[in-house]
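The values are calculated or read from the model by the stated rules, or taken from the named source; none is laboratory data. Keep in mind the model is a prediction, meaning the values are calculated, not measured. Quick reminder, even Gly has a Cβ in these numbers, built from the backbone with ideal geometry, and neighbours come from all protein chains shown. SASA here: full protein model, heavy atoms, side chains in, ligands and nucleic acids out. Shrake-Rupley method; radii C 1.70, N 1.55, O 1.52, S 1.80 Å.
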Amino acid sequence: MSDLRYALRAFLKTPVFTFVVLLTLALGIGVNTAMFSVVNAVLLKPLPYPEPDQLLRVRRGSSYLDMRDWAAQAQSFSAVAGYRPQLFDFDTGDVPERTDGAFVTGGLFQLLGARPLLGRLIDERDQAAGAPRTVVVSERFWRTRLGGNRDAIGRPVSFNGATYQLVGIVASGFDLPGDKADVFAPFYPENRQEAEARSAHTLRGLLRLKSGATLASAQSEMDALAGRLEQTYPATNRQVRFVLLPLNDSLVGSMRSALWILLGTVTFVLMIACVNVANLLIARAAARRGEMAVRAALGASPGRLARQLLSESLLIAVSGGVLGLAVAYALTRAIAALAPESLPRVDRIALDAPVLLFTLVASLATGLVFGVLPSWIASRTALADAARDQSRGSARQRLRSMLMVAEIAMALVLVAGTGLLLRSFSLLVSQPLGFEATHLLTGNIKFSAARYRDIAARTRFFDELERQLAASPGVTAVGLVTEMPIGSDPLMHNLAFEGRAMAPGTEPEVFYRGINAGYFNAIGVPVLRGRAFTTADTATSTPVAIGNQAFAREYYAGGDVIGKRVRWVGNAAEWITIVGLVPDVRGVSLDSGDVPALYVPYSQERNWWRMWMDVVVRTAGDPAAFAPTLRQAAARADRTIPIARVRPMTDVVRSSTADRRFNLFLIGAFAALAIVLAAAGTYGVMAYLVAQRSRELGIRIAMGANPAEIVRLVMGHGLRLAVAGTALGLAIWWVAARALQGMMFGVTAGDPRTLAGAIATLLAMTLIACYGPARRASRVDPLVVLRSE
């Protein structure tokens, strides 16, 4: 306690020194605490379900019939369930409110351990043929939309134009894994045709392992079951495999490696901060040589002196950690606001007990790291004669130079990583889209099965919507498409080719897009050969399709596809004639090309369940300004059909790179902080060097050295240290760069332009940081220096 009280008084007497050290530590510890809170929430915290380690997910979509076979034949699972996300339109008496929801199988709530707040949850009795329509809502929906009325249980509510009986309220705290939902309805018999089609892989399958079962044994059993189903149902289950993933792993996906990389990045920032503080404390210890000598002369042992200095280090480290919590709080809020939609459990990011413990441990470890060297040096600077003191001064300078080399090396790693991600992002966003995204407004429409199960009714709605939009001022073209070129997952269908014999189930999968006649004109895609669709392509005319270049390359060796005939498997009697060829467009995201695809007129749609469509409107001005026009046109076509996700196409493209932009922003911000800290450390080392060599510099000036020579001498010394740090940084980079490879596009870890830029940045930073001390050195008055000697 005596040491701590003395340390507090000493720090209060040097406010500038204390402020610089606390600021450096607060930044270093704060960014680490913030990133750990993200990693803890997303990766380390268990999922909010009972025994989450036993929960598995099937990698791809599954059919209802396949899931029933899992439950009946697999012995590794205690529960099997699934769900399909579904938007529900809640009838408010005016324009319906669109709400996130899901169709669920009977055991889903039980598998995930959900509890009813009121009433009951959906179970197997709701899955029986002929069962009444029932629905369960979240506590949030019950309180905000139903007024929190307990009498709502058992009463009818209207969703998607149909009447449901509200049977229960699920207690707060329950969420589907990876999906938002406030409304839950039984999957069967609501979607009977879909449920009875083994080829409809629309459900997200969840399974719970039995006690004692392992992922490996469950996967082996599922592989055997997939083989049996393939033999029994070759037309629908050929090459269908059920790949099991731990539920948490499936939710995090590719963000896992990115988050660990970001945590490693901020660890480098903390190490640079530690180096800076160690340099400051070494300088402070050198200034306290007299004090240490007096203490030693009065009987203090080296261990006693080291304990006192280490106490000072721990005090200021813990203080820096407390300030770091304020930095972490601000950063976590910023990270949560900037996080892409693909980052799960963002709402669980908080400075909770594990994060506070991490901050404490990081603070204590930091105090030990930057306090050991200064304490060790100062404890041995006792009763030294002038020669030994000069020797120790040289040793201190060598140590500080080594620390400067280390922080430049770490800064280079961060700058090189940022440079590569920036160059990768630049290459990514400069990729040609294959269509014109500017002046394009998009919106999504989903129909209810109750009112728009008939394909002809949907066609009439689209025709009216197109007519309303085409008549609106400022609208130059109107397009309709079932899946947007960017941001939509491909919906694949098996395709058979005229004149090619294929065994059932071996037909290739091709991307299906339903469009209107004006779609290609709206998005700015030319028809390369053949013709576009026209209003004459109706439900009663000859079925036609337009292929993309990837389709022609894959199935016709790049030859002419015009006039070729194909058919979707399941519609054996209906041949489709290919009448046109269009260029490829970007696929799901900018870093994926287009897959083989066929475009068909939406008026010739044969699948009743495809009850969605994206609207694309080309405008003469700012597309965002036409959002009310689009909503009003949809309301005039049918007031009960809301239009969702209305946004410019440029925003859709931008959102497809959200993950990369998020990673780049954070790593770039941390690298910028590292450069600032490294520059401050370099400045401190060079300023200390000038102070230590003032006698030598004074003699040089007295003997005729001009100021330019002194500046070159000091800056040359700094530049040599920077070159050494750069060499060390490159060696570290070659080891660390492999972790970044999965986050890059179009560049490699050894990209010479990027590495050259990183090296130039660090060398320039060093020269700038050295210039101030060098200028002061050139102005040393030799008379003052020699008189002091």
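Please verify whether region 495-517 includes one or more residues that are small (G, A, S), under 30 Å from T438 (Cα atoms) and free of Cβ contacts under 8 Å to residues at least 60 places away in the same chain. Reasoning before the result, please.
Of region 495-517, the ones small (G, A, S) are 496, 499, 501, 503, 505, 514, 517.
From what is left, the residues that are under 30 Å from T438 (Cα atoms) are 514, 517.
Checking the rest, the ones that are also free of Cβ contacts under 8 Å to residues at least 60 places away in the same chain come to none.
Scanning region 495-517, I find no residue that is small (G, A, S), under 30 Å from T438 (Cα atoms) and free of Cβ contacts under 8 Å to residues at least 60 places away in the same chain, so the answer is no.
Going through D537, D560 one at a time, which residue ends up being assigned to a loop (DSSP other than H, G, I, E, B), acidic (D, E), open to solvent by 10 Å² or more (accessible area, probe 1.4 Å) and farther than 16 Å from P601 by Cβ? Don't jump to the end; show me each part of the working.
Working: D537 fails: farther than 16 Å from P601 by Cβ.
Going through D537, D560 in turn, the sole match is D560.
Just for region 220-244: of the residues that are in a loop (DSSP other than H, G, I, E, B) and surrounded by 12 or more Cβ atoms within 10 Å (Cβ to Cβ), which one is modelled with the lowest pLDDT?
The initial filter retains those residues of region 220-244 that are in a loop (DSSP other than H, G, I, E, B), namely 233, 238-243.
Narrowing further to those that are surrounded by 12 or more Cβ atoms within 10 Å (Cβ to Cβ): 233, 238, 240-243.
Numbers: Y233: 89, R238: 78, V240: 85, R241: 89, F242: 92, V243: 93.
Step by step, filter region 220-244, then rank; the result is R238.
Would you mind finding the one in L247, L251 that is at pLDDT 90 or above, over 30 Å from G28 (Cβ atoms), out of contact with any Cys (no Cβ under 7 Å at 6 or more places or on another chain) and open to solvent by less than 40 Å² (accessible area, probe 1.4 Å)? Reasoning before the result, please.
Details: L251 fails: at pLDDT 90 or above.
So the residue among L247, L251 that is at pLDDT 90 or above, over 30 Å from G28 (Cβ atoms), out of contact with any Cys (no Cβ under 7 Å at 6 or more places or on another chain) and open to solvent by less than 40 Å² (accessible area, probe 1.4 Å) is L247.
Taking P526, is it modelled with pLDDT of 85 or more, open to solvent by 40 Å² or more (accessible area, probe 1.4 Å) and either basic (K, R) or assigned to a loop (DSSP other than H, G, I, E, B) (or both)? Reasoning before the result, please.
Details: modelled with pLDDT of 85 or more: yes; open to solvent by 40 Å² or more (accessible area, probe 1.4 Å): yes; either basic (K, R) or assigned to a loop (DSSP other than H, G, I, E, B) (or both): yes.
Considered against the rule, which asks whether it is modelled with pLDDT of 85 or more, open to solvent by 40 Å² or more (accessible area, probe 1.4 Å) and either basic (K, R) or assigned to a loop (DSSP other than H, G, I, E, B) (or both), P526 comes out as yes.
Picking from I272, I261, which residue would you name as being surrounded by 22 or more Cβ atoms within 10 Å (Cβ to Cβ) and in contact (Cβ under 8 Å) with a residue 24 or more places away in the chain? Working first, answer last.
Values: I261 fails: surrounded by 22 or more Cβ atoms within 10 Å (Cβ to Cβ).
One residue alone meets the criteria, I272.
Suppose we filter T33, T18, T24 for residues that are in a helix (DSSP H, G or I), open to solvent by less than 10 Å² (accessible area, probe 1.4 Å), closer than 30 Å to L262 by Cα and not aliphatic (A, V, I, L, M); which single one remains?
Details: T18 fails: open to solvent by less than 10 Å² (accessible area, probe 1.4 Å); T24 fails: open to solvent by less than 10 Å² (accessible area, probe 1.4 Å).
Just one listed residue meets the conditions, T33.
Those residues that are more than 23 Å from Y771 (Cα to Cα) and of a type in the set (K, R), I need them from region 703-753; list them, please.
R738, R753
Of the residues A671, A658, A687, A678, which is open to solvent by less than 50 Å² (accessible area, probe 1.4 Å), among the small types (G, A, S) and at pLDDT 85 or above? Please lay out each step first, then the result.
Details: A658 fails: at pLDDT 85 or above; A687 fails: at pLDDT 85 or above; A678 fails: at pLDDT 85 or above.
On inspection, the qualifying residue turns out to be A671.
Rundown of residues vs (1) without any contact (Cβ under 8 Å) to a residue 60 or more places away in the chain; (2) part of a helix (DSSP H, G or I); (3) more than 21 Å from M35 (Cβ to Cβ), yes/no style:
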{"site": "L673", "(1), (2), (3)": "no, yes, no"}
{"site": "V676", "(1), (2), (3)": "yes, yes, no"}
{"site": "A687", "(1), (2), (3)": "no, yes, yes"}
{"site": "E696", "(1), (2), (3)": "yes, yes, yes"}
{"site": "G704", "(1), (2), (3)": "yes, no, yes"}
{"site": "E709", "(1), (2), (3)": "yes, yes, yes"}
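If I ask for residues that are open to solvent by 70 Å² or more (accessible area, probe 1.4 Å) and closer than 16 Å to D182 by Cα, which ones from region 118-155 would you list?
Looking only at region 118-155, we keep the residues that are open to solvent by 70 Å² or more (accessible area, probe 1.4 Å), and these are 124-125, 130, 132-133, 140, 143-145, 150-151, 155.
The answer is R140, R143, T144, R145.
Report, ordered by the first and then the second residue, all pairs with beta carbons closer than 6 Å, sequence separation of six or more or different chains, a first member in region 115-126 that is among the small types (G, A, S), and a second member that is at pLDDT below 95 and open to solvent by 20 Å² or more (accessible area, probe 1.4 Å).
The qualifying pairs are G119/I153.
Scan region 607-629 and give yes if some residue there is among the acidic types (D, E), in contact with a helix residue (DSSP H, G or I) (Cβ under 6 Å, 6 or more places away or on another chain) and not in a helix (DSSP H, G or I), otherwise no.
As a first pass, look at region 607-629 and keep what is among the acidic types (D, E): 614, 622.
Now restrict to residues that are in contact with a helix residue (DSSP H, G or I) (Cβ under 6 Å, 6 or more places away or on another chain): none.
No: region 607-629 contains no residue that is among the acidic types (D, E), in contact with a helix residue (DSSP H, G or I) (Cβ under 6 Å, 6 or more places away or on another chain) and not in a helix (DSSP H, G or I).
Scan region 418-450 for residues that are within 14 Å of L87 (Cβ to Cβ), of a type outside the set (A, V, I, L, M, F, W, C) and not in a loop (DSSP other than H, G, I, E, B) and jot them down.
Of everything in region 418-450, those that are within 14 Å of L87 (Cβ to Cβ), of a type outside the set (A, V, I, L, M, F, W, C) and not in a loop (DSSP other than H, G, I, E, B) turn out to be G443, N444, K446.
Residue check: is A477 farther than 25 Å from R553 by Cα and open to solvent by less than 30 Å² (accessible area, probe 1.4 Å)? Please lay out each step first, then the result.
Values: farther than 25 Å from R553 by Cα: yes; open to solvent by less than 30 Å² (accessible area, probe 1.4 Å): yes.
For A477, the condition - farther than 25 Å from R553 by Cα and open to solvent by less than 30 Å² (accessible area, probe 1.4 Å) - is met.
How many of the residues making up region 434-454 are open to solvent by less than 50 Å² (accessible area, probe 1.4 Å) and modelled with pLDDT under 85? Reasoning before the result, please.
So in region 434-454, the residues open to solvent by less than 50 Å² (accessible area, probe 1.4 Å) come out as 434-435, 437, 440-445, 447-449, 452.
Restricting the remaining residues to those that are modelled with pLDDT under 85 gives 447-449, 452.
The qualifying residues number 4.
What's the number of the only condition in (1) within 19 Å of R140 (Cβ to Cβ); (2) in a helix (DSSP H, G or I); (3) touching a Lys or Arg at 6+ places or on another chain (Cβ under 7 Å) that F109 fails to meet?
Among (1) within 19 Å of R140 (Cβ to Cβ); (2) in a helix (DSSP H, G or I); (3) touching a Lys or Arg at 6+ places or on another chain (Cβ under 7 Å), the lone unmet condition for F109 is (3).
Those residues that are touching a residue at least 60 places away in the same chain (Cβ under 8 Å) and not in a loop (DSSP other than H, G, I, E, B), I need them from region 331-352; list them, please.
Listed by number, the residues that qualify are L331, T332, I335, L338, V346, R348.
Residue-by-condition table, conditions (1) at positive phi; (2) in contact with a Pro (Cβ under 9 Å, 6 or more places away or on another chain):
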site: N521; (1), (2): no, no
site: P526; (1), (2): no, yes
site: G530; (1), (2): yes, no
site: A536; (1), (2): no, no
site: G558; (1), (2): yes, no
site: R567; (1), (2): no, yes
site: L590; (1), (2): no, no
site: P596; (1), (2): no, yes
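When only residues in region 176-194 that are closer than 22 Å to L55 by Cα and modelled with pLDDT under 90 count, which is most open to solvent (accessible area, probe 1.4 Å)?
Checked region 176-194; the qualifying residue most open to solvent (accessible area, probe 1.4 Å) is K180.
Select, from S394, S401, S363, S379, the only residue that is modelled with pLDDT under 80, among the polar types (S, T, N, Q) and open to solvent by less than 10 Å² (accessible area, probe 1.4 Å).
Working: S394 fails: open to solvent by less than 10 Å² (accessible area, probe 1.4 Å); S401 fails: open to solvent by less than 10 Å² (accessible area, probe 1.4 Å); S363 fails: modelled with pLDDT under 80.
None of the other options fit; the residue is S379.
If you take the residues in region 475-521 that are of a type in the set (S, T, Y) and at pLDDT below 85, which one is farthest from K564 (Cα to Cα)? Working first, answer last.
Of region 475-521, the ones of a type in the set (S, T, Y) are 476, 482, 488, 506, 512, 519.
From the residues that got through so far, the ones that are at pLDDT below 85 too are 488, 506.
On the way: S488: 28, T506: 20 Å.
Only one residue tops the list, namely S488.
Being at pLDDT below 80, within 45 Å of the chain's Cα centre (by Cα) and either open to solvent by 40 Å² or more (accessible area, probe 1.4 Å) or not polar (S, T, N, Q) (or both) narrows it down to one residue among G704, G742, G718; which is it? Before you say what the answer is, go through the steps one by one.
On the way: G704 fails: within 45 Å of the chain's Cα centre (by Cα); G718 fails: at pLDDT below 80.
Testing whether each residue is at pLDDT below 80, within 45 Å of the chain's Cα centre (by Cα) and either open to solvent by 40 Å² or more (accessible area, probe 1.4 Å) or not polar (S, T, N, Q) (or both) leaves just G742.
Anything in region 587-610 that is open to solvent by less than 40 Å² (accessible area, probe 1.4 Å), within 27 Å of L428 (Cα to Cα) and not aliphatic (A, V, I, L, M)? List them, or say none.
G587, S589, S592, D594, P596, Y599
Hey, can you tell me all the residues within region 41-66 that are part of a helix (DSSP H, G or I) and open to solvent by less than 10 Å² (accessible area, probe 1.4 Å)?
Taking region 41-66 as the starting set, the residues that turn out to be part of a helix (DSSP H, G or I) are 41-44, 52-54, 64-66.
Hits for region 41-66 are A41, V42, D66.
Of these, T214, T236, T232, T265, which one is in contact with a Phe, Trp or Tyr (Cβ under 8 Å, 6 or more places away or on another chain) and of a type in the set (S, T, Y)?
Working: T214 fails: in contact with a Phe, Trp or Tyr (Cβ under 8 Å, 6 or more places away or on another chain); T236 fails: in contact with a Phe, Trp or Tyr (Cβ under 8 Å, 6 or more places away or on another chain); T232 fails: in contact with a Phe, Trp or Tyr (Cβ under 8 Å, 6 or more places away or on another chain).
Answer to the selection: T265.
Inside region 722-735, can you point out the residues that are open to solvent by less than 40 Å² (accessible area, probe 1.4 Å) and of a type outside the set (F, W, Y)? Break it down stepwise before answering.
First, the residues of region 722-735 that are open to solvent by less than 40 Å² (accessible area, probe 1.4 Å): 722, 725-726, 729, 733.
Hits for region 722-735 are A722, G725, T726, G729.
Based on this model, can you work out whether I759 counts as of a type in the set (A, V, I, L, M), crowded, with 19+ Cβ neighbours inside 10 Å and either farther than 24 Å from L428 by Cβ or over 24 Å from the mean Cα position of the chain (by Cα) (or both)? Break it down stepwise before answering.
Working: of a type in the set (A, V, I, L, M): yes; crowded, with 19+ Cβ neighbours inside 10 Å: yes; either farther than 24 Å from L428 by Cβ or over 24 Å from the mean Cα position of the chain (by Cα) (or both): yes.
Yes.
If F90 satisfies every condition in (1) touching a strand residue (DSSP E or B) at 6+ places or on another chain (Cβ under 8 Å); (2) open to solvent by 40 Å² or more (accessible area, probe 1.4 Å) but one, which is the exception?
With respect to (1) touching a strand residue (DSSP E or B) at 6+ places or on another chain (Cβ under 8 Å); (2) open to solvent by 40 Å² or more (accessible area, probe 1.4 Å), F90 is out only on (2).
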